[in-house]
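S.K.: Below you will find the structure I want to go over with you.
The values are calculated or read from the model by the stated rules, or taken from the named source; none is laboratory data. Note that the structure is a prediction, hence the values are computed from the model and not measured. With ideal geometry, Cβ positions are generated from the backbone for all residues, glycine too; neighbour counts draw on all protein chains shown. The accessibility values were calculated without ligands, DNA or RNA, using every heavy atom of the protein model including side chains. Shrake-Rupley method; radii C 1.70, N 1.55, O 1.52, S 1.80 Å.
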Amino acid sequence: MRIAPGGLFSEAEQRLSPNHDERPEGASVDLLVIHNISLPPGQFGGPWIDDLFRNRLDPGAHPYFREIAHLRVSAHLLIRRDGALIQYVPCDQRAWHAGVSCHDGRERCNDFSIGIELEGEDTTPYTDAQYQQLATVTRALLARYPGLNRQRITGHSDIATGRKSDPGPAFDWARFHALLSVE
Ligand SMILES: [Zn+2]
């Protein structure tokens, strides 16, 4: 898995989201945040995540979409149920994934983190293909960003406590960390 200059994964499908900007002066990437998303909640497949991240979600397509269609959000990467990798924001740029957040006393985690969305929900097991792809992607990120290491991988729920619950109890952290050790 190769990461081109700017932080573009050569093996990802590129679907650039406008919802990103420059990281602050001097900020370096030193945190990886794992998320989940499914639209509508609990349903997999469909164009809706793409649409949300690219500001063209149809508020009339589902009652839930009315609540979120106005949001301006993104993540660097999405891993679909079948393991397909989609990139919305180059990793060197700041994606808008964490919202109000705090890690180790530092707020605004978007400034210094990379956000990866797993297509899923908190209590539905993630797929084998997702774990494999996440481990492959994470190894590439660890190799590229010196500030990242295995201790600096966290869940959205851990940096937005009480506000966010993803990736949820379904995410098997031990399995993920074990896969990181496999070359
Ligand atoms: Zn999240």
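S.K.: Return the residues of the stretch 145-156 that are surrounded by 15 or more Cβ atoms within 10 Å (Cβ to Cβ) and away from the ligand (no atom under 16 Å from the Cβ); say none if nothing qualifies.
M.R.: 145, 148, 152
S.K.: Only one of 116, 159 is more than 12 Å from the chain's Cα centre (by Cα), at pLDDT 95 or above, open to solvent by less than 10 Å² (accessible area, probe 1.4 Å) and within 16 Å of the ligand (Cβ to nearest atom). Can you tell me which? Can you show your working first?
M.R.: On the way: 116 fails: more than 12 Å from the chain's Cα centre (by Cα).
Only one candidate passes the filter, namely 159.
S.K.: Follow-up question, since we're still on this one. Scan the stretch 169-179 and give yes if some residue there is within 15 Å of the ligand (Cβ to nearest atom), at pLDDT 95 or above and of a type in the set (Phe, Trp, Tyr), otherwise no.
M.R.: yes
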